[in-house]
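Enquirer: So that we are looking at the same thing, I have put the structure below in structure tokens.
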Amino acid sequence: MSITVNFKRIGITEARALISEAPQNGLQIVDIRDEQSFQQAHIESASHLDNGNIEEFIASAAVDKPLLIYCYHGNMSQGAAAYFAEQGFTESYSLDGGFEAWQVE
């Protein structure tokens, strides 16, 4: 039995490049950390997602535009990126190192 990886893990440098191209590529950024952490600091233009608003996001998001997902350390975002890919998102990215790495870099 083989496992299909339907999302891509990217590092901080690649994520910054993707973000800089956001006006052209329509990048959507999703923060899946807790609400309090999101309120304290987050990547500019990120949306906070949790179990309460994920279905609404999926219904209104552009599945043909790139989607960057991040969490605290880059572990939970891998599962979320795979989930979004299963929901039809064609470019689903998980940020390696998560927001902790983003803040340091």
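The values are calculated or read from the model by the stated rules, or taken from the named source; none is laboratory data. As the structure is a computational prediction, the values presented were derived from the model and not from experiment. Neighbour counts run over all protein chains shown; Cβ positions are idealised from the backbone, glycine included.
Enquirer: Among the numbered conditions (1) part of a loop (DSSP other than H, G, I, E, B); (2) modelled with pLDDT of 95 or more, tell me where Phe38 comes up short.
Expert: For Phe38, the failing item is (1).
Enquirer: Shifting gears a bit: Taking Asp96 as the residue in question, decide whether it is acidic (Asp, Glu), closer than 14 Å to Ala15 by Cα and out of contact with any Leu (no Cβ under 7 Å at 6 or more places or on another chain).
Expert: Details: acidic (Asp, Glu): yes; closer than 14 Å to Ala15 by Cα: yes; out of contact with any Leu (no Cβ under 7 Å at 6 or more places or on another chain): yes.
The answer is yes for Asp96.
Enquirer: Quick one: what pairs do we get from the range 17-46, first residue free of Cβ contacts under 8 Å to residues at least 40 places away in the same chain, second surrounded by 14 or more Cβ atoms within 10 Å (Cβ to Cβ) and in a helix (DSSP H, G or I), C-beta under 9 Å, 6+ apart or different chains?
Expert: Going by the 9 Å Cβ cut-off, the qualifying pairs are Glu44/Ile19; Ser45/Ile19; Ser45/Ala22; Ala46/Phe38.
Enquirer: Take the residues of the range 1-35 that are surrounded by 18 or more Cβ atoms within 10 Å (Cβ to Cβ) and assigned to a loop (DSSP other than H, G, I, E, B): which is modelled with the lowest pLDDT?
Expert: Going through the qualifying residues, I end up with Phe7.
Enquirer: Could you check the range 56-105 and list, in sequence order, the residues that are more than 21 Å from Gly26 (Cβ to Cβ) and more than 13 Å from the chain's Cα centre (by Cα)?
Expert: Scanning the range 56-105 gives Glu100, Ala101, Gln103, Val104, Glu105.
Enquirer: Looking at (1) within 15 Å of the chain's Cα centre (by Cα); (2) over 18 Å from Met76 (Cα atoms), can you tell me which one Gln39 breaks?
Expert: (1)
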